[in-house]
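The block underneath contains the structure these notes are about, expressed in structure tokens.
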Amino acid sequence: MRAALAEMLPDDIRERQRVITTQNPPLEDQRRWFAILDGKGWSVPGWPVEFGGPGWSPLRRFIFEDVFHALDAPEFHWSGTHMVGPVIYTFGSAAQKERFLPRIRSGEIIWAQGFSEPGSGSDLASLRTHARLQGDRYIVNGQKIWTSGAYEADWGFFLVKTDLTVKPQRGISFLLMDMKTPGLTIRRIRQLNGEAHLCEVFLDNVEVAAENLVGEPGQGWTYAKFLLDHERTTSSFIFWSKRELARARRIAAAEMLDGRPLAEDPAFRARLIRIEADLLALEWSVLRVLANEKGAFSPGVAASILKVRGSELQQAITELHVDLIGARAMRYFEPEPAAREPSSEWPEHVPGRTTIAQITRASTIYGGAKQVQKNILAKLAFGL
Ligand SMILES: Cc1cc2nc3c(=O)[nH]c(=O)nc-3n(C[C@H](O)[C@H](O)[C@H](O)COP(=O)(O)OP(=O)(O)OC[C@H]3O[C@@H](n4cnc5c(N)ncnc54)[C@H](O)[C@@H]3O)c2cc1C
């Protein structure tokens, strides 16, 4: 796999990715890379053969994603490959499968996830965006927020209320929308780290063909839970963390303190080894889950544990990067990859570290906030 992937990955994309200064790769690189992967049937490593995936065992997929990240390949566009794709092939109509799955595999359609609303994040079932059936169309009104990458997405998958008379979870449906539909307005949100990747999405009498509803009306909550469990198990981000820990080692070897590399500093070494041990433990836990090892707890519990530990480690590693580059971390906004030529004062391992560390603060929020995950653990694992 390593040899094959290394040969497939174009040098220019790999180089941009190696010195990347933001969390999200350039969309053009992502699309180009996915078209190449699709040619070999590897763009959707988790999908069954029947839907165009490689049908790999969980372990084989684990190895693939490990090698993939170690090579500095651009990240998957998760919302398509890891979120809505599995929902469509599990619950969607034959027409939806035919229309969307090939275009997700090839990277042609980029998706946004329209779940959260102002006032409905952790308490998602309280969402208020409403879709009213009128003939063969839904008329959608409401607002979404924190919709990652909505401004560059082609399609979105949205949770909407289609029945206000039943208890909240029963009245939610899962609706696919073309992001160019009239009445749908996107506003980018300027973030602390200088990026504007998150968006607000305003829905004002947006007309959506009823055939774009996935599965049964009122079953959207079930599909969303399926999707979020998927997201949480994979969102331990183990491969990302391994790659970034390797980066920390490289930075420590290059940065000097009193004439010696920081890598030789005992305090730094103790911190690095602690994180390394935690990451190894997390990797083994992920492997246990993948091997379906019988444990005391249900898969939902495992997903929450992996999510919490994985996100904490991402933060520990990016904070280490920031500490390693010292005062230069104060210049935190580096939106453009390779915006400046590397110099002795600003070598290529410095730009972007703070930008990425700041967005990594969000890893304990998105995909299910940490405190809420702990509530789930308390209930499911310990019956509290
Ligand atoms: C970088 C980023 C990207 C995102 N991308 C998307 C996206 O693409 N699509 C999308 O739909 N959403 C997205 N989100 C939104 C994300 O899902 C929500 O932010 C998250 O669900 C938390 O909801 P909230 O922001 O409304 O916070 P709240 O739910 O208001 O939580 C605020 C605080 O209260 C705590 N809290 C809430 N309820 C409880 C409780 N019952 N017990 C104890 N503590 C509690 C939380 O843990 C948190 O610390 C993104 C968020 C971020 C930060």
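Are there any pairs with C-beta distances below 6 angstrom linking a residue in the range 107-120 that is in a strand (DSSP E or B) and among the polar types (S, T, N, Q) to a residue that is modelled with pLDDT of 95 or more and more than 8 Å from the ligand (Cβ to nearest atom), with the two at least 6 apart or on different chains, and if so which?
120/126; 120/127
Residues that are under 26 Å from residue 26 (Cβ atoms), out of contact with any helix residue (DSSP H, G or I) (no Cβ under 8 Å at 6 or more places or on another chain) and without any contact (Cβ under 8 Å) to a residue 24 or more places away in the chain: does the range 323-335 have at least one?
For the range 323-335, residues under 26 Å from residue 26 (Cβ atoms), out of contact with any helix residue (DSSP H, G or I) (no Cβ under 8 Å at 6 or more places or on another chain) and without any contact (Cβ under 8 Å) to a residue 24 or more places away in the chain: present.
Hey, does the range 328-339 have a residue that's modelled with pLDDT of 95 or more and assigned to a helix (DSSP H, G or I)?
Within the range 328-339, not a single residue is modelled with pLDDT of 95 or more and assigned to a helix (DSSP H, G or I).
Scanning the range 342-367 for residues that are part of a loop (DSSP other than H, G, I, E, B) and of a type in the set (S, T, N, Q), which turns out surrounded by the fewest Cβ atoms within 10 Å (Cβ to Cβ)?
This residue is 344.
Considering each residue of the range 1-47, count those that are within 22 Å of residue 88 (Cα to Cα), among the polar types (S, T, N, Q) and not in a helix (DSSP H, G or I), and give that number.
1
Which one is farthest from residue 147 (Cα to Cα) among residues in the range 342-384 that are charged (D, E, K, R) and more than 10 Å from the ligand (Cβ to nearest atom)?
345
Output yes when any residue across the range 78-88 is touching a strand residue (DSSP E or B) at 6+ places or on another chain (Cβ under 8 Å) and within 16 Å of residue 25 (Cβ to Cβ), and no when none is.
yes
To keep it simple, each residue is scored yes or no on (1) under 21 Å from the mean Cα position of the chain (by Cα); (2) under 27 Å from residue 59 (Cα atoms); (3) not hydrophobic (A, V, I, L, M, F, W, C).
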{"position": "285", "(1), (2), (3)": "yes, yes, yes"}
{"position": "291", "(1), (2), (3)": "no, yes, no"}
{"position": "307", "(1), (2), (3)": "yes, yes, yes"}
{"position": "315", "(1), (2), (3)": "yes, yes, yes"}
{"position": "327", "(1), (2), (3)": "no, no, no"}
{"position": "364", "(1), (2), (3)": "yes, yes, yes"}
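Of the conditions (1) touching a Gly at 6+ places or on another chain (Cβ under 8 Å); (2) within 24 Å of residue 120 (Cα to Cα), residue 359 clears all except one; give me its number.
(1)
Go over the candidates 100, 115 one by one and state the one that is within 16 Å of the ligand (Cβ to nearest atom), aromatic (Phe, Trp, Tyr) and under 16 Å from residue 179 (Cα atoms).
Of the residues listed, the single one that is within 16 Å of the ligand (Cβ to nearest atom), aromatic (Phe, Trp, Tyr) and under 16 Å from residue 179 (Cα atoms) is 115.
Within 12 Å of the ligand (Cβ to nearest atom) and either small (Gly, Ala, Ser) or under 18 Å from residue 42 (Cα atoms) (or both) - does that describe any residue in the range 81-92?
Scanning the range 81-92 turns up at least one residue that is within 12 Å of the ligand (Cβ to nearest atom) and either small (Gly, Ala, Ser) or under 18 Å from residue 42 (Cα atoms) (or both).
Does the range 310-327 contain any residue that is modelled with pLDDT under 90 and within 13 Å of the ligand (Cβ to nearest atom)?
no
From the set of residues in the range 366-384 that are farther than 11 Å from residue 304 by Cα and without any contact (Cβ under 8 Å) to a residue 60 or more places away in the chain, which is nearest to the chain's Cα centre (by Cα)?
379
Which condition from (1) touching a strand residue (DSSP E or B) at 6+ places or on another chain (Cβ under 9 Å); (2) farther than 19 Å from residue 179 by Cα is the one that residue 95 breaks?
(1)
Here is a check on your reading of the model: is residue 135 modelled with pLDDT of 95 or more and under 18 Å from the mean Cα position of the chain (by Cα)?
Considered against the rule, which asks whether it is modelled with pLDDT of 95 or more and under 18 Å from the mean Cα position of the chain (by Cα), residue 135 comes out as no.
Scanning the range 123-134 for residues that are without any contact (Cβ under 8 Å) to a residue 40 or more places away in the chain and more than 16 Å from the ligand (Cβ to nearest atom), which turns out farthest from residue 163 (Cα to Cα)?
Checked the range 123-134; the qualifying residue farthest from residue 163 (Cα to Cα) is 134.
The rows are residues; the columns are (1) among the basic types (Lys, Arg); (2) surrounded by fewer than 16 Cβ atoms within 10 Å (Cβ to Cβ); (3) without any contact (Cβ under 8 Å) to a residue 24 or more places away in the chain.
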position	(1), (2), (3)
8	no, yes, no
11	no, yes, yes
14	yes, no, no
22	no, no, no
34	no, no, no
40	yes, yes, no
44	no, no, no
68	no, no, no
72	no, no, no
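Hey, can you tell me all the residues within the range 135-147 that are more than 13 Å from the ligand (Cβ to nearest atom) and not in a loop (DSSP other than H, G, I, E, B)?
137, 138, 139, 140, 141
Restricting to the range 148-164, and then to whatever is hydroxyl-bearing (Ser, Thr, Tyr) and part of a loop (DSSP other than H, G, I, E, B), can you tell me which residue is farthest from the chain's Cα centre (by Cα)?
162
Within the range 200-210, is even one residue over 20 Å from residue 111 (Cα atoms) and either without any contact (Cβ under 8 Å) to a residue 24 or more places away in the chain or within 13 Å of the ligand (Cβ to nearest atom) (or both)?
no
The values are calculated or read from the model by the stated rules, or taken from the named source; none is laboratory data. Please read all numbers here as calculations on a predicted model, not as lab measurements. As a convention, Cβ positions derive from the backbone with ideal geometry for all residues, glycine included, and neighbour counts pool all protein chains shown.
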